[in-house]
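Visitor: Take this structure, written in structure tokens, and hold onto it; I'll ask about it next.
The values are calculated or read from the model by the stated rules, or taken from the named source; none is laboratory data. The structure presented is a predicted model; accordingly, all values stated were derived computationally and were not measured. Ideal geometry is used to build each Cβ from the backbone, glycine not excepted, and the neighbour counts take in all protein chains shown.
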Amino acid sequence: MLVASAIDLIGKTPLVALARAYTGPGRIVAKAEFLQPGGSVKDRAAKAILLAARADGRLRNGMTVVEMTSGNMGAGLAVVCAALGHPLIVTMSAGNSAARARMLEALGAEVVLVAQIDGEPGRVTGRDIAAAAEAARRIASERDGFYVDQFHAEEAIAAHEATTGPEIIEQLGRPPDGFVAAVGAGGTFMGVARALKAVAPATICAAVEPRGCRPLAGEVVVQPRHLLQGVGYGSIPPHWDPSLMDMSLGVGDEEAERWRRALARKEGLHVGYSAAANVCAAAILLQSGRLRRDATVATVLCDTGLKY
Ligand SMILES: Cc1ncc(COP(=O)(O)O)c(C=O)c1O
């Protein structure tokens with residue numbers, strides 16, 4: 001396969017069966033999003049937002065792109081910006097792992113680290129993210145840049161509805177019985193759920209939230225600090241569509257750690273914490289008795305473990 005640029009390496013990830021780490025009832029299959037050039041599921045949103053902005057004139061040739069990121073959106077943007085010739089400035093909470101800043105800088109991005117408000121290294125809260133977003137907005141206006149604003153960009157949801165969801169159906173040969181995904185900006189969960197429910201309205205779609213930080217479940221947030229970097233910011237995302245969520249599943253830090261180790265050692269898949277939480281939640285759903293014993297639950301391996 002010859003492709004024109006790294007942008008064409010985004011999407012069309014394989015669907016991998018996780019039959020070693022999870023032996024039933026039912027089976028778990030997962031999109032290998034860590035294989036994308038930026039190393040995460042966010043490459044899809046980055047590509048969709050920037051191409052739409054170029055198409056309608058909001059992003060002109062050579063213009064600087066600015067965004068707040070937990071690292072993954074920034075890496076996706078850095079890949080697309082490099083291929084299209086846009087300078088990129090990203091703001092990131094200092095609580096996100098240093099490996100992310102290294103990758104962003106290697107891809108040519110300018111990284112501005114923002115001090116944490118109430119989180120701690122490795123545990124980034126909604127208030128930490130808000131501070132980083134405020135810095136990005138300020139820099140975008142000072143430098144006349146294009147502010148990506150991923151939390152308000154509909155293109156991210158549309159990208160998953162047009163690509164990730166249909167890919168799962170095509171790769172399985174039918175819609176899965178269930179789908180689970182952790183929620184950051186919510187593009188992955190909402191886009192895929194929308195695509196699956198359009199074809200098979202009975203598909204059970206579960207949002208995954210860190211235990212103690214579950215606003216989607218209607219719970220008061222008591223534990224804003226958790227290991228699931230990139231998701232679980234303690235508030236409901238701006239474009240959240242509650243009609244797509246059949247249930248919310250909570251996953252604790254220790255369970256995420258345990259599944260992360262199991263995926264690495266039993267499957268050969270060294271992935272991040274949100275990916276491990278997704279697989280843990282898929283197992284909880286299959287063991288809940290809500291689905292048939294031979295059901296298939298699909299999920300997403302959001303990023304590589306090398307980013308932590
Ligand atoms: C590691 C990780 N997992 C999952 C997600 C969730 O993606 P979404 O923003 O589509 O909800 C993100 C988003 O940044 C992430 O960084």
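Visitor: Mind checking which residues of the range 30-70 are part of a strand (DSSP E or B), farther than 13 Å from Cys81 by Cβ and more than 10 Å from the ligand (Cβ to nearest atom)?
Guide: Matches in the range 30-70: Ala30, Lys31, Met68.
Visitor: Yes or no: the range 22-36 includes at least one residue that is modelled with pLDDT of 95 or more, in the same structural domain as Tyr273 (by TED's automatic domain parsing), surrounded by fewer than 24 Cβ atoms within 10 Å (Cβ to Cβ) and of a type in the set (Gly, Ala, Ser).
Guide: yes
Visitor: What number of residues within the range 53-96 satisfy the criterion of being hydroxyl-bearing (Ser, Thr, Tyr) and within 16 Å of the chain's Cα centre (by Cα)?
Guide: The total comes to 2.
Visitor: I'm checking my understanding of the structure. Among residues of the range 236-250 that are within 16 Å of the chain's Cα centre (by Cα) and surrounded by 17 or more Cβ atoms within 10 Å (Cβ to Cβ), which one is nearest to Phe189 (Cα to Cα)?
Guide: Filtering first and then ranking leaves Trp240.
Visitor: Output yes when any residue across the range 269-282 is surrounded by fewer than 18 Cβ atoms within 10 Å (Cβ to Cβ) and part of a helix (DSSP H, G or I), and no when none is.
Guide: No, the range 269-282 has no match at all.
Visitor: Taking Ala295 as the residue in question, decide whether it is surrounded by fewer than 24 Cβ atoms within 10 Å (Cβ to Cβ) and within 21 Å of Ala193 (Cα to Cα).
Guide: Here the answer is yes, as Ala295 does meet what is asked.
Visitor: Out of all the residues in the range 184-198, which are hydrophobic (A, V, I, L, M, F, W, C) and either more than 16 Å from the ligand (Cβ to nearest atom) or surrounded by fewer than 24 Cβ atoms within 10 Å (Cβ to Cβ) (or both)?
Guide: The answer is Ala195, Ala198.
Visitor: If we keep just the residues of the range 156-183 that are surrounded by fewer than 20 Cβ atoms within 10 Å (Cβ to Cβ) and under 15 Å from Leu51 (Cβ atoms), which is farthest from the ligand (Cβ to nearest atom)?
Guide: Ala162
Visitor: Now a separate question. So which of Arg58, Arg20 is in contact with a Lys or Arg (Cβ under 6 Å, 6 or more places away or on another chain) and more than 22 Å from Ile169 (Cβ to Cβ)?
Guide: Answer to the check: Arg20.
Visitor: Sticking with this structure for a sec: Would you say Gln287 is assigned by TED's automatic domain parsing to the domain that holds Pro175 and surrounded by fewer than 24 Cβ atoms within 10 Å (Cβ to Cβ)?
Guide: Here the answer is yes, as Gln287 does meet what is asked.
Visitor: Please state which of the following conditions Val16 fails to meet, knowing it meets all the rest: (1) part of a strand (DSSP E or B); (2) over 27 Å from Asp128 (Cβ atoms); (3) hydrophobic (A, V, I, L, M, F, W, C); (4) touching a Leu at 6+ places or on another chain (Cβ under 6 Å).
Guide: Val16 satisfies all of (1) part of a strand (DSSP E or B); (2) over 27 Å from Asp128 (Cβ atoms); (3) hydrophobic (A, V, I, L, M, F, W, C); (4) touching a Leu at 6+ places or on another chain (Cβ under 6 Å) except (4).
Visitor: Being more than 19 Å from the chain's Cα centre (by Cα) and either among the hydrophobic types (A, V, I, L, M, F, W, C) or surrounded by 16 or more Cβ atoms within 10 Å (Cβ to Cβ) (or both) is the filter here; which residues of the range 1-21 pass it?
Guide: Met1, Leu2, Val3, Ala4, Ala6, Ala17, Leu18, Ala19, Ala21
Visitor: Residues of the range 186-219 being hydrophobic (A, V, I, L, M, F, W, C), within 16 Å of Ile236 (Cα to Cα) and out of contact with any Phe, Trp or Tyr (no Cβ under 6 Å at 6 or more places or on another chain), which ones?
Guide: Residues satisfying the conditions are Phe189, Met190, Ala206, Val208, Cys213, Leu216, Ala217.
Visitor: For Leu291, state whether it is under 19 Å from Pro176 (Cα atoms), touching a Leu at 6+ places or on another chain (Cβ under 8 Å), away from the ligand (no atom under 16 Å from the Cβ) and outside any strand (DSSP E or B).
Guide: So Leu291 fits the description; yes.
Visitor: Applying the selection to the range 198-238, what residues are among the acidic types (Asp, Glu), farther than 21 Å from Phe179 by Cα and touching a Gly at 6+ places or on another chain (Cβ under 6 Å)?
Guide: If the condition is that a residue be among the acidic types (Asp, Glu), farther than 21 Å from Phe179 by Cα and touching a Gly at 6+ places or on another chain (Cβ under 6 Å), then no residue fits.
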